[in-house]
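The values are calculated or read from the model by the stated rules, or taken from the named source; none is laboratory data. Because the structure is predicted, anything quoted here is derived from the model rather than measured. FYI the Cβ positions are ideal-geometry reconstructions off the backbone, even for glycines, and counts take in every protein chain you see.
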Amino acid sequence: MMSSPLVSETLFRLGPLPISKAVAVTWLLMLALAGGSWLLTRRLGLRPSKGQVLLELLVATLDEQIRATMQVAPGRYRALFGTLFLFILAANWSGLVPGLEPPTANLETDAVLALIVLVASIGFGIASQGLRGYLRTFAEPSWVMIPLNIVEQLTRTFSLVVRLFGNIMSGVFVLGIALSLAGLLVPIPFMALDLLTGAIQAYIFSVLAMVFVGAAVEGPASPPSASKE
Amino acid sequence: MTLDWWTLGLQTINVVILVWLLSHFLFKPVAQIVAARQQEAGRLLDEAAATRTAAEAERQQAVEARQALAAEREAGLKAVEQEVASTREHLLAEVQREIEQQRAQAEAAQAAQRSSARLQAEEQAGALALDIAAHLLARLPDNLRVTAFLDGLVEGLEQLAPAARQSLVDDRQALILRAPRALAEDELQRCRAALRGALGDELRLTPEVEPALIAGLELEGSSVVVRNSFRADLARLQRELSRHDHADA
């Protein structure tokens, strides 16, 4: 992958729709994640199997992270943040499969993820505080801060895009360069580094999304409290 | 840099669909089963707490029942001990009374036996004395066995109380004169003459023989008997000896 990372290559077309590589890989990942989830959750029981224990550990850890970061019950937010984490992790690690490019190395995919976080923070903020209450948070601590708060909303969304895109795209580039220069064994450390970077970026993106949504839900001046699920 | 809006739109749809898919196939089922397990665990804990409470109550009841049984046993033992002590005292008293009774009976029997033996010995001694006296008197002349006692008989009459002497005087027509052998006529005349001086005239004597007198004479009225014989003397001696023996005992 030595073409420009800022250009989305069309893989094929479905009628008038141009299907890019990122979309195609995303479909594969969706299929794998949804299919795997269906397979693993078909036979859940009160006496858990090893696979069920792992799933419950994943969900429990996610709930604990949401509870610790947002100071709220995790029920309403579990699906969003869990999906963001699993999708970004799977997307980041998909670059290690020969022939696939990580969708998160594509600017549109990262932009979509960041926009979803932005929309979720607005939606959960309004649902939690009401429209006036949510809009009033932009005037905290003073109405003078309204422009700055609006800019903050946009810049932090932009920072989510740039952080994820830059880290994953650079990893893909480094791995491509190493492969083209050194052959078989030299890229292995870079691939391991990509695994670590991919996991860390998935975690960072998810936690930052929790922080942004949590700030919108709680409001800037309200003390942290744990509500019932 | 230009954004591919088709890709942007498709990826938006993809992510939204993926959120729904994972929510439906992963997060909800797992969260539900975790909640169900927590609920089941809570139910089991509640049941265990209820069971523990019931067990505690049963244990308390068992402890109380055991204490009641122990108290009842203690009371029973105490009652039995009291009954045993009472029975023992009663038995001891009965045994003591029985012993005292048997000892008294034994002492009475022993005293009776001793008295009987003494009486028998006295009788034997009396009989022996009579035999000895009879053998000794057999060496004396026969007239001495009668006439020698006539003066003593007259003295006995004189020493009688006036009422007793008057009773003999009243019976002077039917007096019995006992002697150890048949009296000769002269001996009878001497007796009549001696007694006439003490009892007056019109004296009528009926002689009777009684060898048990050994020696001596006895005059018998309807209510008075005057004795001057060895048998009477030996009887008196025997009474004296008996009285001395009783006094010594």
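Scanning the stretch A:102-139 for residues that are among the charged types (D, E, K, R) and within 13 Å of chain B (Cβ to nearest Cβ) returns A:Glu108, A:Asp110.
Just to be sure, is B:Ile13 more than 7 Å from chain A (Cβ to nearest Cβ) and either surrounded by 12 or more Cβ atoms within 10 Å (Cβ to Cβ) or within 30 Å of A:Ile19 (Cα to Cα) (or both)? Taking the combined requirement at face value, the residue satisfies it. Tell me, which residue of the stretch B:134-149 that is in contact with a Lys or Arg (Cβ under 9 Å, 6 or more places away or on another chain) and either modelled with pLDDT of 80 or more or not in a loop (DSSP other than H, G, I, E, B) (or both) is farthest from B:Leu195 (Cα to Cα)? So, considering only residues that are in contact with a Lys or Arg (Cβ under 9 Å, 6 or more places away or on another chain) and either modelled with pLDDT of 80 or more or not in a loop (DSSP other than H, G, I, E, B) (or both), the one farthest from B:Leu195 (Cα to Cα) is B:Leu137. Take B:Thr51 and decide whether it is exposed (fewer than 10 other Cβ atoms within 10 Å of the Cβ) and more than 7 Å from chain A (Cβ to nearest Cβ). The answer is no for B:Thr51.
Taking residues in the stretch A:81-100 that are touching a residue at least 40 places away in the same chain (Cβ under 8 Å), and partners anywhere that are in a loop (DSSP other than H, G, I, E, B) and among the acidic types (Asp, Glu), the pairs with Cβ atoms closer than 7 Å and at least 6 places apart or on different chains are A:Gly95/A:Glu101. Given the condition farther than 25 Å from A:Val174 by Cβ, β-branched (Val, Ile, Thr) and assigned to a helix (DSSP H, G or I), answer yes or no: does some residue in the stretch A:21-32 qualify? No - not one qualifying residue is present in the stretch A:21-32. The residues of the stretch B:16-42 that are more than 7 Å from chain A (Cβ to nearest Cβ) and either aromatic (Phe, Trp, Tyr) or over 18 Å from A:Leu86 (Cβ atoms) (or both), listed by number, are B:Trp20, B:Gln32, B:Ala35, B:Gln38, B:Gln39, B:Ala41, B:Gly42. Of all residues in the stretch A:40-67, those being touching a helix residue (DSSP H, G or I) at 6+ places or on another chain (Cβ under 9 Å) and part of a helix (DSSP H, G or I) number 13.
Pairing residues of the stretch A:15-40 that are without any contact (Cβ under 8 Å) to a residue 12 or more places away in the chain and at the interface with another protein chain (Cβ under 9 Å from one of its Cβ atoms) with residues that are among the aromatic types (Phe, Trp, Tyr) and surrounded by fewer than 17 Cβ atoms within 10 Å (Cβ to Cβ), at Cβ distances under 9 Å and at least 6 apart in sequence or on separate chains, gives A:Pro18/A:Phe12; A:Ile19/A:Phe12; A:Ile19/A:Trp27. Selection of the stretch B:151-190 for residues being under 30 Å from B:Ala138 (Cβ atoms), of a type in the set (Val, Ile, Thr) and not in a strand (DSSP E or B) yields only B:Val154. Scanning the stretch B:14-56 for residues that are out of contact with any helix residue (DSSP H, G or I) (no Cβ under 9 Å at 6 or more places or on another chain) and of a type in the set (A, V, I, L, M) turns up B:Ala35, B:Ala36, B:Ala41, B:Leu44, B:Leu45, B:Ala48, B:Ala49, B:Ala50, B:Ala54, B:Ala55. The set of residues in the stretch A:6-47 being charged (D, E, K, R) and under 21 Å from A:Thr104 (Cβ atoms) consists of A:Glu9, A:Lys21. Among the numbered conditions (1) surrounded by 18 or more Cβ atoms within 10 Å (Cβ to Cβ); (2) at pLDDT below 80, the only one that A:Asp194 does not meet is (2).
Of all the listed residues (B:Leu45, B:Leu3), the sole one being out of contact with any His (no Cβ under 7 Å at 6 or more places or on another chain), among the hydrophobic types (A, V, I, L, M, F, W, C), without any contact (Cβ under 8 Å) to a residue 12 or more places away in the chain and at the interface with chain A (Cβ under 7 Å from one of its Cβ atoms) is B:Leu3.
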